[in-house]
Amino acid sequence: MSRFFLQLASLTALSVVSAFAYLLMIHGEERYDIFDLIQGRPLTAVIGAENPILAQSGDAAPLLRAVPLDLNDTGVLEEVNAALSDLTDAVVSSVVSIDTTTNVNVSRIVPTDPFGFFGYRQNQEYKAPGLGSGVIVTEQGHIVTNHHVVAGVDEIRITIHDGSQYEAEWVGSDPNVDVAVLQLKAPEGGTLPKFRPLGFADSDSVRVGEMVLAVGNPFGLNETVTRGIISAKQRELSDGSNEYFQVDAVINPGNSGGPLVNIRGEIIGINVAIFTGQQDVRVWQGIGLAIPANEVKEVFEAIVLGRPLIRGYIGIELENISRNLAIALGLKSTQGALITNVVKDSPAEEAGLKPGDVILEFDSKATKTAEDALNRIRGKKAGEDAVITLVRKGESLQTSVPVIAKSDTNTLKLRSDISANGQSIAEALGITVSNLTPQQRLALGLSETTAAVLISDVKEGSQAEQRFQAGDLIHKINQDFVTDTATFYDLLGSLPQGKTTVMLLSRDGRPIRALLNP
């Protein structure tokens with residue numbers, strides 16, 4: 001026991017000596033130490049600028065004296081806080097919630113015996129709800145949103161800032177840019193009020209680092225506002241996709257179609273998507289994407305004001321490359337685009353492009369599909385050159401094709417009556433289509449990028465029974481690729497009346513061309 005007290009006394013004496021030595025070392029210095037903490041002295045912070053209170057010690061350089069932070073002096077922060085709240089108040093009144101309804105027909109076999117060997121087909125119809133956001137851009141009630149929010153739907157209902165609800169009609173859209181324009185409809189026997197619109201900013205002048213607000217209705221939570229900055233410009237989801245603004249403001253499902261605004265309350269973009277590093281996680285992971293305002297404004301003016309939507313044009317028609325075609329041409333993969341036709345006297349013909357050529361690169365970027373190549377051509381400006389790398393009879397070639405401007409009547413879909421959509425035409429024809437699952441694509445030998453939808457059912461006694469079979473694949477309608485059911489209904493619903501339509505299908509790997517006159 002005496003040995004323990006001896007060790008304790010030695011340790012105490014050593015601590016006292018060490019503390020005394022430490023005090024001698026720091027004597028005359030301004031620093032915060034453990035003794036200050038014990039005595040309850042407040043913590044101070046040294047700001048990296050000269051303090052007006054300096055120690056005049058005669059040293060060559062004046063000493064900085066720590067100054068306590070004044071937490072009562074929050075004037076600047078309060079001004080910023082008030083400005084953000086005022087900005088939010090000014091913006092949210094122009095943002096709307098979009099609720100859609102889609103009529104879906106499903107057929108199933110109802111068994112008539114206990115073992116399920118016999119049965120009859122029964123059609124069932126249900127209404128599938130959808131949700132999105134939009135922004136009012138005219139006093140007359142025109143709304144800009146995403147094309148995918150309203151594509152192929154049967155009913156659109158708009159809820160505005162004060163809770164009032166209105167029906168809306170689909171005026172038109174550009175699927176390639178993913179922008180749609182809606183028009184609020186006056187209630188029966190009434191009139192529309194004068195709405196407060198938001199204006200478009202010049203998105204070309206937007207700088208990385210600018211502060212932005214994203215407004216929308218994620219998961220149905222109306223008028224949700226998130227803040228962030230422009231993280232990057234000219235961001236692409238794939239080599240052939242549109243260019244987007246990347247933002248770190250939180251964007252979740254339901255935000256699609258809502259505005260991205262600058263500190264002046266102007267639209268600099270339309271929120272369109274979130275980038276998911278983990279495909280099974282469908283919530284925000286730090287990267288949001290928005291369509292630049294200049295592209296949105298161009299589509300809006302083309303639809304509402306009748307101004308022609310000008311796209312790049314070189315005069316070629318393209319198709320995707322099947323596995324058998326890749327083997328026949330000696331290609332290493334199915335990536336690329338096959339030229340099936342070259343328009344006479346077009347820039348492509350003058351540059352020497354020929355049917356059968358396979359485009360592998362466009363402006364030094366790999367071309368994955370025909371849609372990739374077409375989107376890039378449409379995105380070029382008149383007077384620019386498109387540098388194309390292609391394969392012709394096993395030989396690699398590179399050529400430069402001048403791009404000219406042409407009014408894009410194939411891309412711009414104009415409709416004034418939402419009821420005249422592709423689903424009603426498909427029902428009249430007697431076919432039901434569905435998207436291909438990964439397992440079905442694997443079984444059919446189709447890649448993820450091959451444009452196709454499956455005919456899942458053909459109604460007995462219908463027009464389609466003479467041409468189609470359940471299990472057929474639809475790849476194109478005229479010159480437009482059918483990538484999913486939404487695109488199929490959109491293309492079918494916007495076909496010109498009285499003109500023959502060519503639908504490209506395949507059955508057991510054999511191509512089939514069906515002529516329709518909807």
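Considering only segment 189-213, state which residues are among the hydroxyl-bearing types (Ser, Thr, Tyr) and not in a loop (DSSP other than H, G, I, E, B). Within segment 189-213, SER203, SER205 meet the criteria.
Residues in segment 467-494 that are free of Cβ contacts under 8 Å to residues at least 40 places away in the same chain, among the small types (Gly, Ala, Ser) and either at positive phi or not in a loop (DSSP other than H, G, I, E, B) (or both): GLY471 alone. The residue of segment 444-466 that is surrounded by the fewest Cβ atoms within 10 Å (Cβ to Cβ), among those that are in a helix (DSSP H, G or I) and modelled with pLDDT under 85, is GLN466. Being at pLDDT 90 or above and either crowded, with 20+ Cβ neighbours inside 10 Å or among the basic types (Lys, Arg) (or both) is a description that applies to LYS354. Restricting to segment 317-351, give me the number of residues that are crowded, with 19+ Cβ neighbours inside 10 Å and of a type in the set (Ser, Thr, Tyr). Number of matching residues: 2. Checking the stated criteria, ALA514 turns out not to satisfy the condition of being at pLDDT below 85, among the small types (Gly, Ala, Ser), surrounded by fewer than 21 Cβ atoms within 10 Å (Cβ to Cβ) and not in a strand (DSSP E or B). Going by the structure shown, is SER203 within 29 Å of THR159 (Cα to Cα) and at pLDDT below 85? In short, no.
Buried (at least 24 other Cβ atoms within 10 Å of the Cβ), at pLDDT below 75 and not β-branched (Val, Ile, Thr): does that describe ARG311?
In short, yes.
All conditions in (1) at pLDDT 80 or above; (2) part of a loop (DSSP other than H, G, I, E, B); (3) out of contact with any strand residue (DSSP E or B) (no Cβ under 8 Å at 6 or more places or on another chain) hold for ASP280, with the sole exception of (1).
Quick check, is LYS194 surrounded by fewer than 14 Cβ atoms within 10 Å (Cβ to Cβ) and either under 27 Å from ASP248 (Cα atoms) or out of contact with any helix residue (DSSP H, G or I) (no Cβ under 8 Å at 6 or more places or on another chain) (or both)? For LYS194, the condition - surrounded by fewer than 14 Cβ atoms within 10 Å (Cβ to Cβ) and either under 27 Å from ASP248 (Cα atoms) or out of contact with any helix residue (DSSP H, G or I) (no Cβ under 8 Å at 6 or more places or on another chain) (or both) - is met. Only residues that are modelled with pLDDT of 85 or more, of a type in the set (Gly, Ala, Ser) and more than 20 Å from GLU223 (Cβ to Cβ) were counted across segment 133-171, and they come to 0. For segment 360-382, state whether one or more residues are touching a helix residue (DSSP H, G or I) at 6+ places or on another chain (Cβ under 6 Å) and within 20 Å of ASN320 (Cβ to Cβ). Yes, segment 360-382 contains at least one residue that is touching a helix residue (DSSP H, G or I) at 6+ places or on another chain (Cβ under 6 Å) and within 20 Å of ASN320 (Cβ to Cβ).
Quick one: is ASP154 closer than 30 Å to ARG376 by Cβ and of a type in the set (Asp, Glu)?
When the stated conditions are applied, ASP154 does not pass them.
Considering GLU298, GLU349, GLU361, the condition of being outside any helix (DSSP H, G or I), more than 30 Å from ARG510 (Cβ to Cβ) and at pLDDT 85 or above is satisfied by GLU361 alone. Residues that are modelled with pLDDT under 75 and among the hydrophobic types (A, V, I, L, M, F, W, C) within segment 369-425 comprise LEU412, LEU414, ILE418, ALA420, listed in sequence order.
Against the test of being at pLDDT below 65, among the charged types (D, E, K, R) and out of contact with any strand residue (DSSP E or B) (no Cβ under 9 Å at 6 or more places or on another chain), the options ASP73, ASP59, ASP113 yield a single qualifying residue, ASP59.
The values are calculated or read from the model by the stated rules, or taken from the named source; none is laboratory data. Since the model is a prediction, treat every value here as computed from it, not as a measurement. With ideal geometry, Cβ positions are generated from the backbone for all residues, glycine too; neighbour counts draw on all protein chains shown.
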